[in-house]
Amino acid sequence: MMEQGEFLAWEAVMAQEQGLRLTRQQQAALNGLISFNAGEEDRVLYIDEIPRPSEPWYAILNTIAPHLLIEPFRTFDPHYAEQCEGWPRIVYCLKAHAEGLSLPEGATSPIEVVPLELRHKLWLQDCFDALSGLGQDAELTLEDEQQRKFRIEDFTAALREHKDSVRYFDLTLDSLLTKVILPERDRPILIGELQNELGIGSTADRLADYL
């Protein structure tokens, strides 16, 4: 609905009904609509056979977002692609298509409509996806050199990209492994590889300081 401009079109219609001044984006969306209402006072209930939303877009998003979270993230459990890929896709969608949409009180950008702690949890989950599958099969283990190489590289790169989320939870290597659960044989390998890759002395050191 956001990609196709449907939320924006509905906000434009409702703003016009209430006699509010339309934003540039709302006016453009309204100009693209053809009304078949018999009377000028009728409320628009459908656009292209899509019913009028009962909630604003950010309320709908905040209904969806908590269902994306896998907590704790067990690498050996099967995960739906919608959960693992949903949050990055939503963020991309917000950046590309949310300009001109209304924001709730206290939010200064579309991404801020999702609670801060949930955003950071979802970004950490995006990091954990690099380890997904470990333990689901005998060959899916960090004991395998090829698996170890690409997974550690991808995981480290993701942690660096989302170091604000690592810092938000004040993660150490010890506490990290309470959020992402690996098979027992893979845990010491991950810790050792991260210590070598990042130069971490103790598993109790703040991880963000090394990113």
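Every number here is computed from the coordinates shown, using simple stated rules; none is lab data. Predicted model, so just to flag it, every value in this text is computed and none were measured. Don't worry about glycine lacking a Cβ; one is built from the backbone with ideal geometry, like all the others, and counts go over all protein chains shown.
Brief remarks follow.
- Put the Cα centre of the stretch 184-211 next to the Cα centre of the stretch 160-181 and the gap is 11 Å.
- Its Cα gyration tensor gives the stretch 91-145 an equivalent ellipsoid; the semi-axes, largest first and in whole Å, are 37, 12, 7.
- Dipole orientation for the chain: of the candidates 111, 69, 79, 111 has the Cα lying most toward the positive pole (charges on Cβ; Lys, Arg +1; Asp, Glu -1).
- The residue list 59, 14, 166 was ranked by how far each Cα lies along the charge dipole of the chain toward its positive end, using unit charges on Cβ atoms, and 166 comes out on top.
- Spatially proximal lysines relative to residue 95 (Cα-Cα < 26 Å; intrachain offsets below 8 disregarded): 121, 163
- Mean ellipticity per residue at 222 nm, deg cm²/dmol - from DSSP H runs of n ≥ 4 across the chain, formula -39500 (n - 2.57): -14500 deg cm²/dmol
- Computed about its Cα centre, the charge dipole of the stretch 14-115 is approximately 280 debye, with only Lys, Arg, Asp and Glu carrying charge at their Cβ.
- Mean projection of the Cα convex hull over all viewing directions, computed for the chain: 14.2 nm².
- Given +1 at the Cβ of Lys and Arg, -1 at the Cβ of Asp and Glu and no other charges, the dipole of the chain around its Cα centre is 440 debye to the nearest 20.
- Taking the chain and dividing mean pair separation by its residue count, relative contact order in percent (alpha carbons under 8 Å, at least six apart): 20
- Here the extension length gained between residue 138 and residue 150 equals 2.6 nm, from 0.36 nm per residue of separation less the Cα-Cα distance.
- Relative to the Cα centre, the charge distribution of the stretch 105-211, modelled as +1 at Lys and Arg Cβ and -1 at Asp and Glu Cβ, gives a dipole magnitude of about 200 debye.
- Kirkwood hydrodynamic radius computed over the stretch 151-211 comes to 11.6 Å, based on all pairs of distinct alpha carbons.
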